[in-house]
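Where a number appears in this text, it was derived from the coordinates with a stated rule and is not lab data. In this text the structure is predicted, and so the values were computed from the model without any measurement. Here the Cβ positions follow ideal geometry from the backbone for every residue, glycine too, while neighbour counts run over all protein chains shown.
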Amino acid sequence: MTQASVILLTTSDGAVASVARDIAGLAENWAGRVVLHTSGSLPSSALRPLKSRGASVGSMHPFQTVPSARAGVRSLKGCYW
């Protein structure tokens, strides 16, 4: 993961901030990397630990609800991001 240039955090909304904190410690310098979360309810500031280490951060979520994994597989095809 520390060599990836783009990382998508696709965790549950409640886990975004803690996962960001955890992976921020994997590398001292995140400059040149983009980290996006897919939560529709959280701002990009949930990724602050990564931004403070140099990552470009943001959010990218589908214009579609995903109530379950099975429904997500069906409904995410062709939805807008």
For this session: Please find, in a Gaussian network model of the chain (springs between Cα atoms separated by less than 10 Å), the residue of Val34, Val66, Val19 whose mean-square fluctuation is greatest.
Result: Val66
For this session: Report the residue, chosen from Leu36, Leu26, Leu47, that carries the largest GNM mean-square fluctuation when the chain is represented by alpha-carbon nodes joined by springs under 10 Å.
Result: Leu26
For this session: Please build a GNM for the chain, connecting alpha carbons under 10 Å apart, and tell me which residue among Ser68, Ser56, Ser41 fluctuates the most.
Result: Ser68
Exercise. Could you state the principal axis extents of the C-alpha atoms in the chain, from the largest down, to the nearest angstrom?
Worked result: 39, 22, 18
Exercise. If each of Gln3 and Trp81 carries a label point 7 Å out from its Cα toward its Cβ, how far apart are those two points in nm?
Worked result: 2.3 nm
Exercise. When the helices in the chain are scored as -39500 (n - 2.57) per DSSP H run of 4 or longer and the sum is shared across all residues, what 222 nm value do you end up with, to the nearest 500 deg cm²/dmol?
Worked result: -6000 deg cm²/dmol
For this session: Add +1 for every Lys or Arg and -1 for every Asp or Glu among the other residues with Cβ under 13 Å from the Cβ of Gly58, and state the total.
Result: +3
Problem set entry | Separation of the Val73 and Leu42 label points, Cα + 7 Å toward Cβ, nm | 2.5 nm
